[in-house]
């Protein structure tokens, strides 16, 4: 027989919901192959680490649906959080693309929060360097008001944020190609994270555009209580 959630649990949910409405979301946005590879989607020399030879695998799948999903994501974004490697790839390309390119204008205009313990400065316009306790610094950014924070690429950074439970949403574009090798977004882990699908669409080129949110412990507890 179903029963309502305990008063204490409802109270915790209400507090959490109020906090979430005043906090920015941290959104992980990735291009993936069907076998989970995220490496070097844009062009051949983007990232050859590990002798990766499949760079540029994503380019032929772009269509209007894909482009609309990207633009919707950019419209809700107030800043990018990037690892060093992804920052260096972007910083070598977007400032040179020119502001007549609408994506370049958007990327150049965003605040960029760059996570690195080796860089001494970041010169791409509107870039800010984060050193030291990455989780603590991103948590501070997340608590600020404004549009959401988007993580693109930056595999090592994503894992740091996953371990700190700082990811609010995954927006994954899964392409119909098997690459067989390369850096993967989700690596071996001892942690299990249930996800809830909140949006899905399919491009004309067969790309699955999926949005997931991690289920919080209170949500899982409430589901058990009402089962």
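The values are calculated or read from the model by the stated rules, or taken from the named source; none is laboratory data. Note that the structure is predicted; figures quoted are calculated from it, not measured. Cβ coordinates were reconstructed from backbone atoms using ideal geometry, including for glycine residues, and neighbour counts include every protein chain displayed.
Assorted remarks:
- Among the residues making up segment 111-160, those that are closer than 24 Å to residue 36 by Cα and in a helix (DSSP H, G or I) are 155, 156, 157, 158, 159, 160.
- Within segment 171-190, restricting attention to residues that are touching a helix residue (DSSP H, G or I) at 6+ places or on another chain (Cβ under 9 Å) and over 19 Å from residue 47 (Cβ atoms), the residue that is modelled with the lowest pLDDT is 189.
- Test: residue 177 is assigned to a loop (DSSP other than H, G, I, E, B) and under 17 Å from residue 24 (Cα atoms): no
- The set of residues in segment 71-99 being farther than 25 Å from residue 160 by Cβ and in contact with a helix residue (DSSP H, G or I) (Cβ under 8 Å, 6 or more places away or on another chain) consists of 95, 97, 98, 99.
- Some residue of segment 108-121 being surrounded by 18 or more Cβ atoms within 10 Å (Cβ to Cβ), closer than 18 Å to residue 27 by Cα and out of contact with any helix residue (DSSP H, G or I) (no Cβ under 8 Å at 6 or more places or on another chain): yes
- Output for segment 96-110, where each listed residue is touching a residue at least 24 places away in the same chain (Cβ under 8 Å) and either part of a loop (DSSP other than H, G, I, E, B) or farther than 23 Å from residue 38 by Cα (or both): 110
- Count of segment 128-158 residues which are loosely packed, with under 15 Cβ neighbours inside 10 Å and without any contact (Cβ under 8 Å) to a residue 60 or more places away in the chain: 7
- Members of segment 50-69 that are touching a residue at least 24 places away in the same chain (Cβ under 8 Å) and either touching a helix residue (DSSP H, G or I) at 6+ places or on another chain (Cβ under 8 Å) or within 23 Å of residue 201 (Cα to Cα) (or both): 57, 58, 60, 61, 62, 63, 64, 65, 66, 69
- Residue 81 being in a helix (DSSP H, G or I) and touching a residue at least 12 places away in the same chain (Cβ under 8 Å): no
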